[in-house]
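Report on the structure given below.
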Amino acid sequence: MWGFLWPFFFFIVAELVNSILPPQPFITRTELLWTPGVGEITAYRIPVITQCYDGSVVTFSEARKYESGDRGPKFIAFRKSKNAGQSWSTTRFLVDDWTHPDGLNLGAVIVDKEVKTLILLYSTCAHFQCTTRNMTARQFQIRSNDCGETWSKPIDLAKANHDLFNWTWTAGPGYGIQKTLKPHKGRLIVCGHTNVLPMGLYCIFSDDHGFTWERGAKLLSIPYAGPLYQGSFAPTENQVVELKDGTLYFDARNEYKYRCHCRIYFNSTDGGYTIPIETLNFNSVAVDPTCDGSILLHNDVLYMSHANNDTQRVNTTLRWSMDYGKTWPYSMNVNPGDSGYSCLTRLSDNHIGLVYEKNIGPLWFVKIQLHL
């Protein structure tokens, strides 16, 4: 008579086991999202991905025209999945850089669940070589109220705050966050870096759903005025997540290999106003060749993706921590060959997604199941 209860019993036991034991991830799907050589596109780089408020998954990249370098004209490429990465829409180009010699740089995507809005940030003239743009650095956002089906025209952030005018800051690359806990619940926070001295990590935040932005926390290079050499302190490209107590946890590229060939991390406890230098730590397990990586907090497990080599951009690796980044005892290789930037996202309770650079040009997506 109890036979009909057995499936429920096994389900409850499995859920309890999964909540106690660390994940045992494995790849269930691999797909080539973008490949160069079509039209003007020489390379697709800088993968950005996130889950929108309706459960769909949106991904972006820089479609670099004519050359694969960081400068030069680009499109922002976009694709969307409505079934957790099983299939993807055709590519759309959201922004066209035309032929500007110091083209746009893709930054970060933010999901504002309170007002159901998707925001994408990007910058122009980040390298101060933009003769066709009056040598003026600018940051823009485009907004969508339907998870990427339609988009607004580009909006210059400096129109609402002149403090952001001619600032060579680039968001991410990756995703920003909306705080769900105090302090400053509901705040949008996006962090990035500058390419000119004083180099370093800078954040911006918005308390009105992205209509106005202010400068927030920063962690500058040492010495501030340079020059910077191997061994100098300079955190640059970074990702931020909110921990269960409202603390912000930052994982950053260690640009000049300050004290280690590894990733560095630090915290903010005041909602992104400050990053005390006393919170700086070294993730000696996550060796790194100075490359962008990604972090994701999912079901109380902190995940990280990065190029796991101290000198070369190879060996894309997924790591996970059961103590919010204090230790990283678990890892899985995703791609042993040429690798580069990567970005993580939630797909479902039992799946995460990763978009990563494989060689210079194509971008790949993998769907990763976390528990059997």
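The table below gives the values:
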| read-out | value |
| --- | --- |
| Residue count for segment 285-305, restricted to those that are in contact with a Leu (Cβ under 9 Å, 6 or more places away or on another chain), part of a strand (DSSP E or B) and either farther than 18 Å from S339 by Cβ or free of Cβ contacts under 8 Å to residues at least 60 places away in the same chain (or both) | 9 |
| Candidate set from segment 229-249 (those that are free of Cβ contacts under 8 Å to residues at least 60 places away in the same chain and either of a type in the set (V, I, T) or surrounded by fewer than 19 Cβ atoms within 10 Å (Cβ to Cβ) (or both)); member that is nearest to K179 (Cα to Cα) | T247 |
| Positions within segment 20-73 being touching a residue at least 40 places away in the same chain (Cβ under 8 Å) and basic (K, R), in sequence order | R29, R45, R71 |
| Selection count, segment 181-232, where residues are in a strand (DSSP E or B), closer than 18 Å to P276 by Cα and not small (G, A, S) | 14 |
| In segment 353-372, the residues that are under 20 Å from W34 (Cβ atoms), open to solvent by less than 10 Å² (accessible area, probe 1.4 Å) and of a type outside the set (F, W, Y) | G353, L354, V355, E357, G361, L363, V366, I368 |
| Single residue of segment 102-148 satisfying the filter (acidic (D, E) and free of Cβ contacts under 8 Å to residues at least 40 places away in the same chain) that is surrounded by the fewest Cβ atoms within 10 Å (Cβ to Cβ) | D146 |
| Qualifying positions in segment 314-330 - charged (D, E, K, R), outside any strand (DSSP E or B) and open to solvent by less than 80 Å² (accessible area, probe 1.4 Å) | D323 |
| Qualifying residue in segment 118-138 (condition: assigned to a loop (DSSP other than H, G, I, E, B) and among the charged types (D, E, K, R)) | no |
| Qualifying positions in segment 258-293 - open to solvent by 40 Å² or more (accessible area, probe 1.4 Å) and over 19 Å from P329 (Cβ atoms) | Y258, R259, H261, T269, D270, Y273, T274, P276, I277, E278 |
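The values are calculated or read from the model by the stated rules, or taken from the named source; none is laboratory data. Everything quoted here is computed from the prediction, not taken from an experiment. So basically every Cβ, Gly included, is an ideal-geometry build from the backbone, and we count neighbours across all protein chains shown. For the accessible areas, the whole protein counts, side chains as well, though only heavy atoms, and no ligand, DNA or RNA atoms are used. Shrake-Rupley method; radii C 1.70, N 1.55, O 1.52, S 1.80 Å.
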